[in-house]
């Protein structure tokens, strides 16, 4: 493993303002491939969510104004769902969408994901804007850091598999 792969293994999570969470991560794949995996409903179940859960894409209409909804089913059969609407899709540079956990309806974050071309690598930066500092802090306290890093590790594995196909 090269030094930049070791550095890329964990997402950098910061709070640039009182209502934002910024997540930065480098992936060992070209930007077009990372963007394609992010926006392909067939591939979402292969990387989105924790390893001990199954992700079901209930809805994923990848266009401005389109809706998405993912159901996460735990190994014990329990289910929780996440949903939102796409505000902007600008391949392969940017996705803007709302994000809401159905377990806490009404708390909607606005997420902006940018995909920076680093040649054979891609820097993904996701900024989530919350209505209040309390909502942001609630998300930070939810275990999201563990979830983000496990999800991104699964994304690394999928990108490597796609590169070898």
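Contact order normalised by length for the stretch 91-149, with contacts defined as Cα pairs under 8 Å and 6 or more residues apart; what percent is it? Walk me through the numbers before you get to the answer.
On the way: 69 pairs, mean separation 14.2, N = 59.
24 percent.
What order do you get for 71, 56 when you list them from fewest to most C-beta neighbours inside 10 Å?
Least crowded to most crowded, the residues run 56, 71.
Evaluate the relative contact order of the stretch 1-107 (contact order divided by residue number), counting alpha-carbon pairs under 8 angstrom at least 6 apart; express in whole percent.
In percent, rounded to a whole number, it is 15.
Would you report the distance distribution of C-alpha pairs in the stretch 57-97 as whole percents per 5 angstrom bin, up to the bin with the largest distance?
Cα pair-distance distribution for the stretch 57-97, in percent: 7, 23, 23, 18, 12, 9, 6, 2.
If each of residue 78 and residue 12 carries a label point 7 Å out from its Cα toward its Cβ, how far apart are those two points in nm?
3.5 nm
Report the full-extension gain for the segment residue 36 to residue 157: residue separation times 0.36 nm, less the Cα-Cα distance, to one decimal in nm. Could you put the intermediate results ahead of the total?
Values: separation 121, 0.36 × 121 = 43.56 nm, distance 1.50 nm.
Contour length minus the Cα-Cα distance gives 42.1 nm.
Just report the Cα centroid separation between the stretch 10-55 and the stretch 103-143, whole Å.
The stretch 10-55 and the stretch 103-143 have Cα centres spaced 10 Å from each other.
Go ahead and set up a Gaussian network model of the chain, Cα springs under 10 Å, then flag whichever of 30, 16, 45 fluctuates most.
Sorting by GNM fluctuation, first place goes to 16.
Using a Förster distance of 30 Å, how high is the FRET efficiency between residue 98 and residue 133, based on the Cβ-Cβ distance and rounded to 0.05?
Numbers: r = 19 Å, r/R0 = 0.63.
For residue 98 and residue 133, the calculated efficiency is 0.95.
Given the rule -39500 (n - 2.57) for each run of at least 4 DSSP H residues, summed and divided by the residues of the chain, what is its mean residue ellipticity at 222 nm, to the nearest 500 deg cm²/dmol?
Theoretical 222 nm ellipticity from helices: -8000 deg cm²/dmol.
No lab work stands behind these numbers, since they all come straight from the coordinates. Model, not experiment: these values are computed from the prediction. Every residue, glycine as well, gets a Cβ built from its backbone with ideal geometry; the counts of neighbours run over all protein chains shown.
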